[in-house]
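Q: Here you go, one structure.
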Amino acid sequence: MNFGLTSEQQDILGMIKDFCLKEVKPIAAETDEEEKFPAETVKKLQDMGMMGMYMPEEYGGAGLDYLTYILTCEEFAKYCATTSVMFSGHSSLCCWPILTFGTEEQKQKYLVPLASGKKLGAFGLTEPSAGTDAAMQKSFAEKQADGSYILNGSKTFITNAGYADIYVVFAMTEKGIGTKGISAFILEKEMPGFSIGKKEKKMGIRGSSTCDLIFENVHIPAENLLGKEGKGFAMAMQTLDGGRIGIAAQAIGIAEGAIEETVKYVSERMQFGKRISQFQNTQFQLADMQAKVEAGRLLIYQAAQAKQDGQPYGHLAAMAKLYCSECASDVTRRCVQLFGGYGYTREYPVERMMRDAKITEIYEGTSEVQRMVISGWMGVK
Ligand SMILES: Cc1cc2nc3c(=O)[nH]c(=O)nc-3n(C[C@H](O)[C@H](O)[C@H](O)COP(=O)(O)OP(=O)(O)OC[C@H]3O[C@@H](n4cnc5c(N)ncnc54)[C@H](O)[C@@H]3O)c2cc1C
């Protein structure tokens, strides 16, 4: 496959890099320290028309290719993983399922404002007792005589919660038939009975909003059913297949950011009358890290290219996410080590990057889930 970027892709990524250096990097430490959702950054990206980067122009998007979007997730994460997950949660997990499974009416009503930057999106699948085992949904949407639904239940750990205007949410519509009883809905934050619950205090991506969603007799009009009734679980899994490429890019971006900071630091810090970079251990550690990052990047580009070309990509996305998230945790831990005591302080960004890296092994399917997907694809039973 050819991963040579076109001049248009390079121009867009150059623009994203400038934006990151001016708007994202300077506030990354404060975003983490104060657990502050980067609302101003979201507004700027919305104004630039970047929140619908790979959504078609006819639906308010920028109409760019999927690889450019994935490279943007990676670029944001080099400086601020919080910004990257806000962006991919909105794009991969909310815009994409509406684009793919929505009716024309739903696309006009919800995708256009999401993609054109007027609204922010979120995705609600996880529940307290339905994490990895997402089929164990307790939220129940009871169908009414007029075709509408009354939704009761809750979600937990929802990214962008509270700041998002539109939520793609999953619930049981028929009990006792397993995953075939799960359906997807589009919810608006103003719907009566829909509220935001507990906000999590987290180890990393601390500026990202992660909250419970609470549904108390939420009346969902029939036209807000997304896709067909009973097809919600399959839609959620397909959505996560794509989302995982974004998380892999987030992970590799974090690793790249940490390496960049470390190369700078070891080239200046002196011990035993030498720069730390002159020790062969430092050189070999950094060489290993760079080789891993490049390998991870190829897995990401391969998965992104397959998705863009309409080829099967679920297994490729799982391999990219598994490898890149574990790479990010390993690389950031080693970077902290090369910084010594200073790496353990908040004076330098590598400790934040080490904390941020961990979540990429957990959300949108843990590493164990990725191994299940890969071994399943291999036919290992
Ligand atoms: C910061 C953050 C943001 C998130 N954002 C969202 C969001 O926007 N929307 C959303 O819907 N969800 C979101 N999540 C939820 C996330 O996807 C889940 O936390 C994740 O899928 C794991 O589920 P769990 O936490 O319930 O862990 P559990 O399912 O309880 O798993 C615990 C451990 O057991 C392992 N395990 C479970 N089953 C098996 C098995 N069969 N074989 C081997 N090992 C197994 C897991 O891999 C894990 O190591 C978010 C979570 C966090 C922390």
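Values in this text are rule-based calculations from the coordinates and carry no lab data. It should be emphasised that the depicted structure is a prediction, and the values quoted were computed from it without experimental measurement. All Cβ positions, even for glycine, are placed from backbone atoms using ideal geometry, and neighbour counts span all protein chains on display.
Q: Filter the GluC sites (Glu not before Pro) in segment 161-221 down to the DSSP loop ones having no more than 16 other Cβ atoms within 10 Å, then list what survives. Before the final figure, lay out the partial values.
A: Numbers: sites: Glu174, Glu188, Glu190, Glu200, Glu216; in loops: Glu174, Glu190, Glu200.
Here the sparse-neighbourhood loop sites are Glu174, Glu190, Glu200.
Q: Which of Lys118/Lys155; Lys43/Lys202; Lys25/Lys199; Lys43/Lys119 have a Cα-Cα distance over 18 Å?
A: Numbers: Lys118/Lys155 25 Å; Lys43/Lys202 24 Å; Lys25/Lys199 25 Å; Lys43/Lys119 10 Å.
Beyond 18 Å between Cα atoms: Lys118/Lys155; Lys43/Lys202; Lys25/Lys199.
Q: What angle, in degrees between 0 and 90 and rounded to the nearest 10, separates the Cα long axis of helix 314-339 from the longest principal axis of the Cα atoms of the chain?
A: 40 degrees
Q: Okay, moving on. Give the residue list of chymotrypsin sites (Phe, Trp or Tyr not before Pro) in segment 1-62 that are DSSP loop and have at most 15 other beta-carbon atoms within 10 angstrom.
A: Numbers: sites: Phe3, Phe19, Tyr54, Tyr59; in loops: Phe3, Tyr54.
Filter output for segment 1-62: Phe3.
Q: Give or take rounding to whole Å, what are the principal axis extents of the alpha carbon atoms in segment 1-143, in descending order?
A: Result for segment 1-143: principal-axis Cα extents of 50, 39, 34 Å.
Q: Give me Rg/Rg_expected for segment 104-144, where Rg uses Cα atoms only and Rg_expected = 2.2 N^0.38 Å with N residues.
A: On the way: Rg = 14.6 Å, N = 41, 2.2 N^0.38 = 9.0 Å.
With N residues counted in segment 104-144, Rg over 2.2 N^0.38 Å equals 1.62.
Q: OK, next. Could I get the Rg over Rh figure for the chain? Both from C-alpha atoms, Rh via Kirkwood, rounded to two places.
A: Details: Rg = 20.9 Å, Rh = 21.2 Å.
For the chain, the value is 0.99.
Q: Follow-up. Calculate how steeply helix 7-19 sits against the longest principal axis of the alpha-carbon atoms of the chain, using the helix alpha-carbon long axis, and give the answer as 0 to 90 degrees to the nearest 10.
A: Computed tilt is about 80 degrees.
Q: Cα atoms only, segment 217-339: Rg and Dmax in Å?
A: For segment 217-339, the Cα-based Rg and Dmax read 20.6, 73 Å.
Q: Report, in deg cm²/dmol and to the nearest 500, the calculated mean residue ellipticity at 222 nm for the chain, where each DSSP H run with n ≥ 4 adds -39500 (n - 2.57) and the sum is divided by the residue count. Could the numbers behind the result be given before it?
A: On the way: 12 runs with 177 residues, N = 381.
So the calculated ellipticity at 222 nm is -15000 deg cm²/dmol.
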